[in-house]
Amino acid sequence: MKAWTVASQDDVVRLSDIPAPALQGGGVLVEVLAAHLPAYTKMVVTGNRGGLPVPLTLGPSCIARVTDVAPDVFHVAPGDVVVDTSRLDAGDGDEILVGWVGLGGTGTGSERTDRMRTVWRDGVFAERALCAKETLIKLPGAETYPDPARLSFLPWLCIAASGLYAAGPLTGRDVAVIGATGQLGGAAVLVALASGAATVTAVGRNKAALDRLAELGPRVRTHQLTGDRATDAAGIGPVDVALDTLGATPTADATMAAYDSLRRNGALVLVGGVRQTLTIPYGDLMHRRLTLRGSWMSDDQTVTTVWNMIRSGLLDLSAVELLTVGLDDPATALDLAERTTGLAFVALVP
């Protein structure tokens with residue numbers, strides 16, 4: 001079968017013919033219908049987002065159809081349409097993303113995560129895949145969903161939703177998304193609107209992407225970052241919830257502007273890739289009764305909630321610009337993904 005493979009830390013993504021995966025205990029064989037190709041995939045392969053457990057078949061998540069299950073798998077069956085989240089959790093902070101970079105807990109890994117990556121190494125950028133049963137969630141009714149490629153954005157919507165829901169119910173509250181012009185930020189704007197936020201302030205640097213987000217409806221406000229913390233805080237807030245989805249940035253000023261924009265009893269949730277240390281004023285956090293939370297990936301319940309929002313029409317994926325690629329030209333596909341922003345994403349359709 002065809003798959004995207006990476007052989008070593010200094011290798012590029014290659015189209016390879018490899019043997020089809022064989023079923024093993026705790027595993028599920030799937031036909032990959034579509035997989036989201038994150039904009040930063042090229043950075044992952046070049047080592048700028050952490051080390052890949054090479055050699056491997058690349059790919060962190062997908063929409064797939066089950067073709068066979070091991071005898072100890074009961075929650076999915078052949079014919080089911082599922083989402084593979086790639087998150088394999090062994091408990092006590094030992095989590096991996098199969099086929100990708102990223103470790104839960106402290107982020108440093110352990111002897112147990114090394115063993116997990118030995119058993120469950122290969123991802124889903126392929127025609128077929130073997131997935132750990134724990135990474136699969138059934139999507140009831142998805143068998144008739146008309147556009148599986150568009151549905152491959154679901155895992156990112158769920159990551160965004162987990163961060164937003166960590167701040168509590170959103171209904172009637174003012175929400176800001178910092179880094180809204182990125183794919184995760186764009187997903188967060190959609191989820192916040194579908195979850196009943198009174199207003200959603202989309203914050204970023206790309207004016208064209210902000211203008212497109214503003215077209216989602218009258219509840220969307222926008223603020224283009226200036227680089228001045230006080231100016232940006234005033235432009236963002238006041239808000240009840242701020243979700244930080246920024247990637248690596250030169251400073252933490254935008255994140256701290258989001259902190260400054262919070263009302264009393266507000267919450268700042270971090271789901272992005274800012275590398276700087278945040279200097280939080282103790283007395284201010286205490287007296288304004290603020291909450292600072294971290295959120296990593298998603299859980300099964302959130303996936304089910306977001307899928308039901310899509311299935312019911314409450315969350316309309318037609319707002320997302322879909323670009324599709326096949327397996328045949330990895331380099332061109334990675335370049336295309338790198339250029340996508342906001343409410344646009346690339347789906348790999350084997």
With all protein chains present, the range 231-276 has a carbon and sulfur share of its accessible area (1.4 Å probe) in percent of 50
Given 151-164, 230-243, 63-76, the highest-first ranking by average Cβ count within 10 Å works out to 151-164, 230-243, 63-76
Net charge near Asp89 (other residues with Cβ under 13 Å of its Cβ; Lys, Arg +1; Asp, Glu -1) is -3
The chain, convex hull of Cα, quarter of hull surface, nm² -> 16.7
Rounded to whole Å², per residue accessible area for the range 19-107 with a 1.4 Å probe reads 36
With every protein chain kept in place and a 1.4 Å probe, the range 133-255 has an accessible area per residue in Å² of 35
Hits for the chain under the membrane-span-like helix rule (DSSP H, Cα axial span at least 15 Å, Kyte-Doolittle mean at least 0.0) are 154-165, 183-194
Rounded to a whole %, the carbon-and-sulfur portion of the accessible area of the range 107-165 at a 1.4 Å probe is 51
In deg cm²/dmol, rounded to the nearest 500, the helical mean residue ellipticity at 222 nm of the chain, built from -39500 (n - 2.57) for every DSSP H run of length 4 or more, is -7500 deg cm²/dmol
In terms of the charge dipole of the range 1-90, which places +1 on Lys and Arg and -1 on Asp and Glu at the beta carbon, the residue among Gly79, Ile63, Gly47 farthest towards the positive end is Gly47
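On the accessible surface of the range 166-216, probed at 1.4 Å, how many percent belong to carbon and sulfur atoms?
The value for the range 166-216 is 55 percent carbon and sulfur by accessible area.
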Both in Å, the radius of gyration and Dmax of the C-alpha trace of the range 210-303 are 14.0, 39
Residue-normalised value, i.e. accessible area per residue, for the range 302-350 at 1.4 Å probe, in Å², stands at 42
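The values are calculated or read from the model by the stated rules, or taken from the named source; none is laboratory data. Bear in mind that the values here come from a model prediction, so they are computed numbers and not experimental data. Here Cβ is always computed from backbone atoms with ideal geometry, including for glycine, and neighbour counts include all displayed protein chains. The accessibility values were calculated without ligands, DNA or RNA, using every heavy atom of the protein model including side chains. Shrake-Rupley method; radii C 1.70, N 1.55, O 1.52, S 1.80 Å.
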